[in-house]
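Here is the structure we will look at, set down as C-alpha cells.
Please treat every number below as a calculation from the coordinates, not as lab data. A quick note: this is a predicted structure, and the numbers were derived from the prediction, not measured. All Cβ positions, even for glycine, are placed from backbone atoms using ideal geometry, and neighbour counts span all protein chains on display.
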Amino acid sequence: MNITQVQTLRNLPEWISIDQITTFLHTHLKPYEDTPQDIRKGLDYAFSEEPGKGGFVLIAHENSNLNGALVMLNTGMEGFVPGSLLLFIAVHQDLRGKGIGGRLIEEAKTLTNGDICLHVEYDNPAKRLYERSGFSTKYAEMRFRR
C-alpha cells in the first residue's frame, strides 16, 4: 500500500478526483460523517493556495484503489490553538483494523510542524486509534449553534 501526499488540486493523481475523495469520505466516515458539501469545503480549504489557508490530503492506495484518506488543515494559529487540524480520516470499511489509519496518522505527524488537534465523538471507536497515536483529551468542546 502506498500513501501519497496531495497539497493542491494540481498534485492530485490522475486516477482520482476531488469528487471521488469527497464521496469516499462521506461513505466511510459513517456513522460520523459530515455532509458532502461540508467535506468538499474542507477539501477546498486543504487544497487552497490562499494565504492563511491550506493543508494537505493523504491518500492510502493500492494502484488506483482508494483505501483511506486523511485531511489536514493549517489553522494559522500556532500557540493560540494547535497549528494543524486533523479534519477527516477514513479507512475503507472492508479494510479497517489492518493498520491503515495508524499509518495515515503517523505519516501526517511527520509532515506537520507543531501541534495537531482533532475532534472525535466520545463513542467513536476511532478514539482508541487516536489515543494510541499520542492524542490526548485536554478540553471538552462546546458549541453554540444558530
Per-residue Cβ contact counts at 10 Å, fewest first, order 89, 59 as 59, 89
Is it possible to state the helix-based mean residue ellipticity at 222 nm for the chain, with each DSSP H run of 4+ residues giving -39500 (n - 2.57), the sum divided by total residues, to the nearest 500 deg cm²/dmol? What is it? -8500 deg cm²/dmol
If I model a spin label as a point 7 Å beyond the Cα along the Cα-Cβ vector, how far apart are those points for residue 143 and residue 32 in nm? 1.4 nm
With the dipole of the chain defined by +1 on each Lys or Arg Cβ and -1 on each Asp or Glu Cβ, the option from 84, 134, 66 whose Cα lies farthest towards the positive pole is 134
Given a cut-off of 21 Å, name the pairs among 98/127; 41/138; 30/138; 53/109; 30/98 whose C-alpha atoms lie farther apart than that in the structure shown. 41/138; 30/138
Mean Cβ neighbour count within 10 Å, used as a protection proxy, ranking 115-124, 67-76 highest first: 67-76, 115-124
Debye, to nearest 20: dipole size of the chain, +1 on Lys, Arg Cβ, -1 on Asp, Glu Cβ: 340 debye
